[in-house]
Amino acid sequence: MHKKHILPVIVFSQFCCTSLWFAGNSVLPELTAVFGFPASAPGHLTSAVQFGFIVGTLVFALLMLADRFPPARVFLGSAVCGAVFNAAAIWEGNTFGSLLLLRFLTGFCLAGIYPVGMKIAADYFAAGLGKSLGWLVGALVLGTAFPHFIRGFSGGLPWKGVLLAVSGLALGGGLLMWLFVPNGPFRKASQRVNPRLFLQIFKDKKLRGAAFGYFGHMWELYAFWAFVPLAISAYNATNLTENLDVSQSAFLVIGSGAVSCVLGGYAAKRLGTARTAAGFLTLSGLCCLLSPFFFLQNSSVIYLVFLIFWGMTVVADSPLFSTLVAQNAQPETRGTALTLVNCVGFALTVFSIQLLGNLTEIVDFSCLFLVLSAGAVMGVLSLRKAFFR
């Protein structure tokens with residue numbers, strides 16, 4: 001396949017396969033009702049995917065799978081297994097424990113999809129990598145929201161049909177990657193497992209700065225995404241004359257990030273990747289600090305516009321940090337570096353989400369997001385130390 005067709009295939013494959021991420025979330029009411037789960041079940045099922053991804057990225061990094069084997073083959077195997085585990089949720093004999101296990105295994109398989117897709121792009125696009133990964137992360141954002149599209153615009157498709165449709169989409173994405181994306185010209189295979197790689201990765205000043213910038217970004221990102229619907233509901237309860245549709249508004253806020261990821265990649269070509277990432281991280285940090293002011297506004301339009309702006313800035317730097325990691329890692333360990341940094345970053349999301357959950361019981365909702373600004377501060381300082389001195 002001609003190189004100009006490679007990026008669209010990678011992006012579409014990533015979109016198809018990352019739809020597995022929140023497939024369970026799109027049918028949570030039915031899962032809870034059909035199997036008689038407790039009220040806390042939705043949170044546990046969601047967390048199971050995150051934990052699966054964390055464990056998966058750790059295993060993939062330890063075994064250096066994306067560097068030792070053709071990454072498109074790793075991507076295909078992960079997509080096939082993820083599709084099977086996702087579809088298995090329709091079995092009527094499932095219990096709460098078995099569904100937790102299936103969501104965990106789906107998350108595990110996503111470790112061979114999201115970071116491996118970035119590694120494949122890095123093997124093809126040494127120049128303009130930020131733009132390429134911008135499209136890739138944009139596909140991730142849309143992919144995670146796509147099960148809700150299937151459910152909302154399918155004319156009443158049963159919940160089992162939704163899960164099967166998502167699994168079919170993931171399977172198709174894996175096959176596309178395997179059939180049409182051979183090893184890239186900049187790929188350099190690693191021949192053996194290197195346990196010391198974990199320490200070696202963080203010895204490089206710029207790679208370390210990019211990684212810690214990403215960690216600060218992740219501290220904010222998923223906690224913001226997770227609590228946006230609650231923030232909108234709390235706003236409606238506080239401003240009784242205003243009434244934002246929670247689902248539609250949350251989709252606009254989160255989905256807007258797909259556009260900013262692409263635009264951020266183009267901006268990085270003119271302004272520089274590190275400088276653009278620092279700019280977006282600064283803006284999202286300011287949104288954290290300004291969130292109490294906008295929460296107290298009486299205009300739902302102003303509040304929604306603010307959240308959409310925040311939704312764009314909070315994720316636009318994600319592909320830029322991945323670009324910095326890929327550019328500063330050694331070619332033979334690039335896939336492992338991306339996977340390891342993803343592993344640590346997603347582990348942090350668990351802590352920030354749990355922290356916000358606990359804070360909802362002791363602080364006013366208008367001040368809930370203030371604690372997320374710590375991630376932006378740490379990330380910007382790490383970038384400045386590594387790239388601007």
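The values are calculated or read from the model by the stated rules, or taken from the named source; none is laboratory data. All values reported here derive from a predicted model rather than from experimental measurement. Positions of Cβ are generated from backbone atoms using ideal geometry, with glycine treated the same way; all protein chains shown enter the neighbour counts.
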>> Among the residues of the stretch 93-109, are any surrounded by fewer than 24 Cβ atoms within 10 Å (Cβ to Cβ), assigned to a helix (DSSP H, G or I), in contact with a Lys or Arg (Cβ under 6 Å, 6 or more places away or on another chain) and touching a residue at least 24 places away in the same chain (Cβ under 8 Å)?
In response: no
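From V371, V380, grab the single residue that is farther than 27 Å from T241 by Cα, touching a Gly at 6+ places or on another chain (Cβ under 8 Å) and assigned to a helix (DSSP H, G or I).
V380
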>> So, T57, is that one closer than 25 Å to S98 by Cα, of a type in the set (V, I, T) and at pLDDT below 75 or not?
In response: no
> Across the stretch 307-336, which residue is surrounded by the most Cβ atoms within 10 Å (Cβ to Cβ) among those that are small (G, A, S) and touching an Asp or Glu at 6+ places or on another chain (Cβ under 9 Å)?
Replying inline: G335
> Would you call V301 crowded, with 17+ Cβ neighbours inside 10 Å, outside the structural domain of P115 (by TED's automatic domain parsing) and part of a helix (DSSP H, G or I)?
Replying inline: no
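This table checks each residue for (1) of a type outside the set (K, R); (2) without any contact (Cβ under 8 Å) to a residue 24 or more places away in the chain; (3) touching a Gly at 6+ places or on another chain (Cβ under 7 Å).
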site	(1), (2), (3)
E220	yes, no, yes
A250	yes, yes, no
V262	yes, no, yes
T273	yes, no, yes
S291	yes, no, no
>> Step by step: first the residues of the stretch 234-247, then only those that are at pLDDT 85 or above and surrounded by fewer than 23 Cβ atoms within 10 Å (Cβ to Cβ), then the one that is nearest to L355 (Cα to Cα). Which residue is that?
In response: A234
> Among (1) closer than 25 Å to V262 by Cβ; (2) modelled with pLDDT under 90; (3) buried (at least 24 other Cβ atoms within 10 Å of the Cβ), where does C17 come up short?
Replying inline: (2)
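Every residue, every condition in (1) farther than 20 Å from L230 by Cβ; (2) assigned by TED's automatic domain parsing to the domain that holds F53; (3) among the hydrophobic types (A, V, I, L, M, F, W, C), yes or no:
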residue: L252; (1), (2), (3): no, no, yes
residue: A278; (1), (2), (3): yes, no, yes
residue: D317; (1), (2), (3): yes, no, no
residue: S322; (1), (2), (3): yes, no, no
residue: N328; (1), (2), (3): yes, no, no
residue: R334; (1), (2), (3): yes, no, no
residue: V341; (1), (2), (3): yes, no, yes
residue: S352; (1), (2), (3): no, no, no
residue: L355; (1), (2), (3): no, no, yes
> When only residues in the stretch 329-348 that are at pLDDT below 85, of a type outside the set (A, V, I, L, M, F, W, C) and assigned to a helix (DSSP H, G or I) count, which is farthest from F280 (Cα to Cα)?
Replying inline: E332
